[in-house]
1. Hey, could you check the range A:139-170 for residues that are more than 23 Å from A:Ile11 (Cα to Cα) and more than 7 Å from chain B (Cβ to nearest Cβ) and say which is surrounded by the fewest Cβ atoms within 10 Å (Cβ to Cβ)?
2. Can we say B:Ser69 is surrounded by fewer than 13 Cβ atoms within 10 Å (Cβ to Cβ) and hydroxyl-bearing (Ser, Thr, Tyr)?
3. Can you name every residue in the range A:42-91 that is of a type in the set (S, T, N, Q) and surrounded by fewer than 22 Cβ atoms within 10 Å (Cβ to Cβ)?
4. Return the residues of the range B:4-59 that are modelled with pLDDT under 75, on the phi < 0 side of the Ramachandran plot and at the interface with another protein chain (Cβ under 7 Å from one of its Cβ atoms); say none if nothing qualifies.
5. Need the failing condition index for A:Trp128 against (1) more than 10 Å from chain B (Cβ to nearest Cβ); (2) of a type outside the set (Lys, Arg); (3) surrounded by fewer than 16 Cβ atoms within 10 Å (Cβ to Cβ), just the number.
6. Being part of a helix (DSSP H, G or I) and aromatic (Phe, Trp, Tyr) is the filter here; which residues of the range A:6-36 pass it?
7. Considering the range A:1-22 alone, what residues qualify as being among the hydroxyl-bearing types (Ser, Thr, Tyr) and closer than 9 Å to A:Thr135 by Cβ?
Amino acid sequence: MLLGVLPFGLIYGALAVNAGMSPLAVQLSSSIVFAGSAQLVIAQMLAAGGAPLVIIATSVVLNIRHVLYSASIAPHTGHLPRRWRMLLAYLLTDEAYAVAISRYAGNEKRPHPDFRHWFFMGAGLALWSVWNASTLAGVIFGARVPSAWQLDFAIPLTFIALLVPSLGDAPSRMAALAGAVASVALFAVPLKLGLFFAMLVGIAAGAAWEAYAGGARASHGPEERSAS
Amino acid sequence: MNGTWLTLITVGVATFAYRISCIELGAGAGSKTLQASSRFGRMLRFVPPAAFAAIVSPAIVLRDGALLSNALDPRLIATAAALIAALVTRSVLATLVSGMIVLHAVRLLL
């Protein structure tokens, strides 16, 4: 888990600096936002001249998945004092969620004494430290990467690695396909609004496909076009 | 405060709000919100595939705003290699390394 975060942080730091963000903003973003995919999107959109409001709207849609993590973790944190809940919520990244929920899963009864929130915090703080350290390394090292290396291509490659595990079923694949096509089609929309709308199109297509396939599961082939 | 800081702080606050939402509302209230508007809950599931695919696709098939005309473009071949690596290894590092190696290998060979 930490090994996956390390290159992601390096790439984020290097690319964000090369995209023209100030090193301080790049570094503090890893504490303020603390969500790699949103941080990369912000850096990329700032470089492309996106308006702050559009970047905010796009990131707010991208990050809404954290509500799911919050709902899933909530039953395990209810007994903790507020300070703990605030800290664990701050640390609730994609990776920390994956680690924490696998620790909580399967044990409906709380063990006595229950130290699992310490495990959650430890994993979260380890991820936070690696994320910030690798960002710093990327900031320092990134300015010296020759452009012939085409490091900018590391952004789509990183997102491919994030995308593939999310393609588990047909509606999800439809959401991805529609999002990808819409994003290319809407690329020229001003203010970089295209990405925002493409995400909405993809989400709607996934939901439409699920409703459609749920209603007529029996005999329809996968080639049917959904209403995207 | 310029646009960059405004963006970072707003997104940071929104992200923290998402992360703490159900934790503070309590498990019951949180899951009830997600179930009551179950349509919303079900749509959340499609955020990662839709968002990640939308971020990836223009970077791969567009150059300077126009579709790539060459099916053997190094970026397309590198993308195929990265997809295979991601499917097989599920590792960010392996996906990244295979994609970059194939990109430069194809660029040097073609």
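The values are calculated or read from the model by the stated rules, or taken from the named source; none is laboratory data. The structure displayed is predicted, hence computed values, not measured ones. Positions of Cβ are generated from backbone atoms using ideal geometry, with glycine treated the same way; all protein chains shown enter the neighbour counts.
1. Step one: list which residues in the range A:139-170 are more than 23 Å from A:Ile11 (Cα to Cα), which gives A:167-170.
Subset that is more than 7 Å from chain B (Cβ to nearest Cβ): A:168-170.
On the way: A:Gly168: 11, A:Asp169: 15, A:Ala170: 14.
Filtering the range A:139-170 for residues that are more than 23 Å from A:Ile11 (Cα to Cα) and more than 7 Å from chain B (Cβ to nearest Cβ), the one surrounded by the fewest Cβ atoms within 10 Å (Cβ to Cβ) comes out as A:Gly168.
2. Values: surrounded by fewer than 13 Cβ atoms within 10 Å (Cβ to Cβ): yes; hydroxyl-bearing (Ser, Thr, Tyr): yes.
Yes, satisfied.
3. Residues of the range A:42-91 that are of a type in the set (S, T, N, Q), as a first pass: A:44, A:58-59, A:63, A:70, A:72, A:77.
The answer is A:Gln44, A:Ser72.
4. Those that are modelled with pLDDT under 75, on the phi < 0 side of the Ramachandran plot and at the interface with another protein chain (Cβ under 7 Å from one of its Cβ atoms): B:Ala27, B:Gly30, B:Ser31, B:Leu34.
5. It fails just one condition, (3).
6. Correct list: A:Phe8, A:Tyr12.
7. Of the residues in the range A:1-22, the ones among the hydroxyl-bearing types (Ser, Thr, Tyr) are A:12, A:22.
Within the range A:1-22, A:Tyr12 is the sole residue that qualifies.
A quick yes/no check of all residues on (1) among the hydroxyl-bearing types (Ser, Thr, Tyr); (2) at pLDDT below 90; (3) under 24 Å from B:Ser21 (Cβ atoms); (4) touching a strand residue (DSSP E or B) at 6+ places or on another chain (Cβ under 8 Å):
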position: A:Leu3; (1), (2), (3), (4): no, yes, no, no
position: A:Ala14; (1), (2), (3), (4): no, no, no, no
position: A:Ser29; (1), (2), (3), (4): yes, no, yes, no
position: A:Phe34; (1), (2), (3), (4): no, no, yes, no
position: A:Gln39; (1), (2), (3), (4): no, no, yes, no
position: A:Ala51; (1), (2), (3), (4): no, no, no, no
position: A:Thr58; (1), (2), (3), (4): yes, no, yes, no
position: A:Leu62; (1), (2), (3), (4): no, no, yes, no
